[in-house]
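As structure tokens, the structure follows; a few thoughts come after it.
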Amino acid sequence: MNRMKKSIKFIGVVIFIVLMIGLFSPTWTQRIKGENSISVLEKVEINGSNHEMMIRGNDKDNPVIIVVHGGPGTPEMPYADQYQDLLETNFTIVHYDQRASGKSYHFFEDYSNLSTDLLVEDLLALTDYISERFGHEKVILMGHSFGTYIATQAAYLAPEKYEAYIGIGQMSDIRESEIDSLNYSIEQAQKAGNTDDVLSLQGLTEKIENGETVVPRNYVSKYGGSSRMIDDLGDDNISVLLSSEYNLLDVFRYNVGMGYSQKMLLNDLLENPLPTIVTKLDIPFYFVMGKYDYMTSSNVAKEYFDRIEADKKEFIAFEQSAHYPQFEEKEKFYEWMSDTFIK
């Protein structure tokens with residue numbers, strides 16, 4: 001009996017030690033070799049709140065890209081460097097976890113004022129910081145998914161800060177996008193003979209048509225509307241934990257921050273669709289959309305693209321991709337970026 005108690009105690013101590021190591025283990029981003037390269041993971045105070053950012057590139061003198069992640073509240077830092085190795089040869093790429101998201105979620109900070117407007121203010125302040133740090137008058141602004149809701153508004157409010165805007169998985173009229181996603185998911189479920197899925201999705205029709213909710217993302221993912229060429233990059237805690245950029249404490253931040261951000265911000269998206277806010281851009285802009293994207297409908301994004309006034313704009317369709325064309329077809333994306341921005 002005493003031996004069993006000692007064994008249980010020993011196992012408990014081991015589990016405690018493993019948890020402590022996991023919670024507080026150091027985090028980093030893989031080093032890029034080269035005298036003028038940069039590969040840092042660091043915390044910077046932006047607009048009154050500490051933001052974690054990852055900056056990577058082979059040459060700090062290259063054009064700078066600021067990437068605005070999706071969600072609300074789902075940072076891409078833990079896996080982005082797996083897909084941007086080609087981009088890093090010609091660009092310096094800045095990822096940051098938005099206020100109250102991921103590593104930028106701080107348990108004792110008051111986020112009661114969190115709004116999409118505040119996230120736009122954060123992005124503008126971060127742009128000033130990055131431009132000064134790297135000595136660039138303008139940077140390239142790139143939003144993905146929910147990040148396009150924030151980035152499009154920043155490009156609209158301060159075009160003087162940006163060389164161009166790139167919207168990947170561009171948001172548009174959310175209600176119309178969700179109706180398109182619902183119809184697609186029902187059609188695919190019918191083809192697959194999944195009657196239960198069909199009935200569940202059909203039961204959401206009225207709420208989605210009224211703009212009260214969105215299509216559950218597990219259905220969109222199940223039927224190929226999220227990713228096709230790579231594993232789904234949804235809420236995968238194991239992949240996040242296994243990245244060098246996040247430890248166990250950061251995984252807790254990620255999940256708590258995602259829940260809070262979505263609770264605080266989803267109404268902003270539903271009540272204030274982007275086409276009612278931005279109808280003109282004074283800088284070149286590009287929508288990069290996967291043909292099979294039904295997280296943010298490519299079809300509805302094209303309708304929004306056609307309505308935006310701009311001196312220069314381009315809609316680029318990636319024929320093999322869904323919601324992550326920059327990762328799913330990374331070679332094609334790298335070639336397009338280099339052809340477009342490297343003089």
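The values are calculated or read from the model by the stated rules, or taken from the named source; none is laboratory data. Please read these numbers as outputs of a predicted model, since none were measured by experiment. Here the Cβ positions follow ideal geometry from the backbone for every residue, glycine too, while neighbour counts run over all protein chains shown.
Below are the figures for this structure:
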| read-out | value |
| --- | --- |
| Residue that is free of Cβ contacts under 8 Å to residues at least 24 places away in the same chain and of a type in the set (Asp, Glu), where the choices are Asp173, Asp196 | Asp196 |
| Residue match in the stretch 168-183 (condition: within 19 Å of Asn47 (Cα to Cα) and among the aliphatic types (A, V, I, L, M)) | no |
| Subset tally (residues that are in a helix (DSSP H, G or I) and either surrounded by 19 or more Cβ atoms within 10 Å (Cβ to Cβ) or acidic (Asp, Glu) (or both)) for the stretch 182-207 | 11 |
| Among residues of the stretch 59-114, those that are touching a strand residue (DSSP E or B) at 6+ places or on another chain (Cβ under 7 Å), assigned to a loop (DSSP other than H, G, I, E, B) and over 22 Å from Asn247 (Cα atoms), counted | 4 |
| In the stretch 72-116, the residues that are among the polar types (S, T, N, Q) and within 24 Å of Ser131 (Cα to Cα) | Gln84, Thr89, Asn90, Thr92, Gln98, Ser101, Ser104, Thr116 |
| Matching residues, the stretch 93-103, being surrounded by 24 or more Cβ atoms within 10 Å (Cβ to Cβ) and either over 17 Å from Lys263 (Cβ atoms) or touching a residue at least 60 places away in the same chain (Cβ under 8 Å) (or both) | Val94, His95, Tyr96, Asp97, Gln98, Ala100, Ser101, Gly102, Lys103 |
| Test: residue in the stretch 265-283 that is charged (D, E, K, R), modelled with pLDDT under 95 and assigned to a helix (DSSP H, G or I) | yes |
| Meets criteria (of a type outside the set (A, V, I, L, M) and under 20 Å from Phe327 (Cβ atoms)) for Ser261 | no |
| Residue satisfying all of: in the stretch 290-312; of a type in the set (S, T, N, Q) and outside any loop (DSSP other than H, G, I, E, B); nearest to Ser221 (Cα to Cα) among these | Ser298 |
| Condition check for Ser244: of a type outside the set (Lys, Arg) and in contact with a His (Cβ under 8 Å, 6 or more places away or on another chain) | no |
| Residue pairs meeting the criteria (Cβ under 7 Å; at least 6 apart or on separate chains; first under 23 Å from Glu163 (Cα atoms), in the stretch 109-126; second of a type in the set (Gly, Ala, Ser) and outside any helix (DSSP H, G or I)) | Leu124/Ala158 |
| Number of positions in the stretch 163-186 that are of a type in the set (S, T, N, Q) and under 30 Å from Lys138 (Cα atoms) | 2 |
| Qualifying position, being among the charged types (D, E, K, R), out of contact with any Phe, Trp or Tyr (no Cβ under 9 Å at 6 or more places or on another chain) and assigned to a loop (DSSP other than H, G, I, E, B), among Glu212, Glu178, Glu160 | Glu212 |
| Lone qualifier among Phe287, Phe333, Phe315 - being assigned to a helix (DSSP H, G or I) and either surrounded by 23 or more Cβ atoms within 10 Å (Cβ to Cβ) or not aliphatic (A, V, I, L, M) (or both) | Phe333 |
| Selection count, the stretch 231-247, where residues are buried (at least 17 other Cβ atoms within 10 Å of the Cβ) and in contact (Cβ under 8 Å) with a residue 12 or more places away in the chain | 6 |
| Subset of the stretch 107-154 that is within 13 Å of Leu269 (Cβ to Cβ) and of a type in the set (S, T, N, Q) - its residue that is nearest to the chain's Cα centre (by Cα) | Ser145 |
| Given (1) exposed (fewer than 15 other Cβ atoms within 10 Å of the Cβ); (2) within 23 Å of the chain's Cα centre (by Cα); (3) within 30 Å of Thr127 (Cβ to Cβ), index of the condition Ala158 fails | (1) |
